[in-house]
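Asks: One structure, as structure tokens, below. Some questions next.
The values are calculated or read from the model by the stated rules, or taken from the named source; none is laboratory data. All figures in this text were calculated on a predicted structure; none of them were measured in a lab. Ideal geometry is used to build each Cβ from the backbone, glycine not excepted, and the neighbour counts take in all protein chains shown. The protein model used for the area step is the full one, side chains on, heavy atoms only, and it has no ligands, DNA or RNA in it. Shrake-Rupley method; radii C 1.70, N 1.55, O 1.52, S 1.80 Å.
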Amino acid sequence: QMQLVESGGGSVQAGGSLRLSCAASGRTVKVYAMGWFRQAPGKEREFVAAVDWSGADTYYADAVKGLFTISRDNTNNRCNLQMNSLKPEDTAVYYCAADRLTRRLRSLVGEYWGQGTQVTVSS
């Protein structure tokens, strides 16, 4: 069974940066695509970014292109999300997810999910 644990959330002012990290454990972690999602209060969960199993292909929501960077370290079974130029609208609970198919992650589907980490951006 795969387990995902997010960390790195917190409170920052607009324009600041945060780096989220997802620690994954499981037999086949390295062959799974991984992604980040977020859900703001009263809103539906939305896709943020994803990376394939090799780290070669990345995908981003339009709202975060050029601002967020997803990466993975298969040696240490981690997936990171570097968030720069944060805005108040980025405030949400951020979730890490993993799936064998990248396209399923982009469709808000994931076989495994973390518990989430809160990101709060103030004006």
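Asks: Taking the options D73, D57, D62, D99, name whichever one is among the charged types (D, E, K, R) and surrounded by 19 or more Cβ atoms within 10 Å (Cβ to Cβ).
Replies: Details: D73 fails: surrounded by 19 or more Cβ atoms within 10 Å (Cβ to Cβ); D57 fails: surrounded by 19 or more Cβ atoms within 10 Å (Cβ to Cβ); D62 fails: surrounded by 19 or more Cβ atoms within 10 Å (Cβ to Cβ).
None of the others qualify; the one that does is D99.
Asks: Go through L4, L67, L18, L86 for me and flag whichever is open to solvent by 30 Å² or more (accessible area, probe 1.4 Å) and of a type outside the set (F, W, Y).
Replies: Among L4, L67, L18, L86, only L67 is open to solvent by 30 Å² or more (accessible area, probe 1.4 Å) and of a type outside the set (F, W, Y).
Asks: How many residues are in contact with a helix residue (DSSP H, G or I) (Cβ under 9 Å, 6 or more places away or on another chain) and without any contact (Cβ under 8 Å) to a residue 60 or more places away in the chain if we restrict to region 86-103?
Replies: Result for region 86-103: 2.
Asks: Could you please find all residues in region 95-116 being under 18 Å from M2 (Cα atoms) and either in contact with a Leu (Cβ under 7 Å, 6 or more places away or on another chain) or among the hydroxyl-bearing types (S, T, Y) (or both)?
Replies: Hits for region 95-116 are Y95, C96, A97, A98, D99, T102, Y112, W113, G114.
Asks: So the check is Cβ under 7 Å with 6+ separation or different chains; which pairs have a first residue in region 48-68 that's part of a loop (DSSP other than H, G, I, E, B) and a second one that's acidic (D, E)?
Replies: Matching pairs, first to second residue: A61/E46.
Asks: Still on this structure, I have one more. Among the strands (runs of 3 or more DSSP E) contained in region 69-123, which hold 2 or more residues that are at pLDDT below 95 and of a type in the set (D, E, K, R)?
Replies: none
Asks: Identify all residues within region 22-42 that are open to solvent by 10 Å² or more (accessible area, probe 1.4 Å) and either outside any strand (DSSP E or B) or of a type in the set (G, A, S) (or both); write none if there are none. Even if it seems obvious, please write down each step before you answer.
Replies: First, the residues of region 22-42 that are open to solvent by 10 Å² or more (accessible area, probe 1.4 Å): 23-28, 30-32, 38-42.
A23, A24, S25, G26, R27, T28, K30, V31, Y32, A40, P41, G42 - these are the residues of region 22-42 that are open to solvent by 10 Å² or more (accessible area, probe 1.4 Å) and either outside any strand (DSSP E or B) or of a type in the set (G, A, S) (or both).
Asks: Also, quick follow-up: Looking at G66, G26 in this structure, which one is within 19 Å of W113 (Cα to Cα) and among the small types (G, A, S)?
Replies: Values: G66 fails: within 19 Å of W113 (Cα to Cα).
Just one listed residue meets the conditions, G26.
Asks: Further question on the same structure: Could you give me the residue pairs with C-beta distances under 7 Å whose first residue belongs to region 105-123 and is more than 12 Å from Y95 (Cα to Cα), whose second residue is open to solvent by 60 Å² or more (accessible area, probe 1.4 Å) wherever it lies, and which are 6+ apart or on separate chains?
Replies: If the second residue must be open to solvent by 60 Å² or more (accessible area, probe 1.4 Å), the pairs left are R106/Y59; E111/R100; T120/S11; V121/K87; S122/S11; S122/Q13.
Asks: Step by step: first the residues of region 5-50, then only those that are more than 11 Å from the chain's Cα centre (by Cα) and of a type in the set (D, E, K, R), then the one that is modelled with the lowest pLDDT. Which residue is that?
Replies: R27
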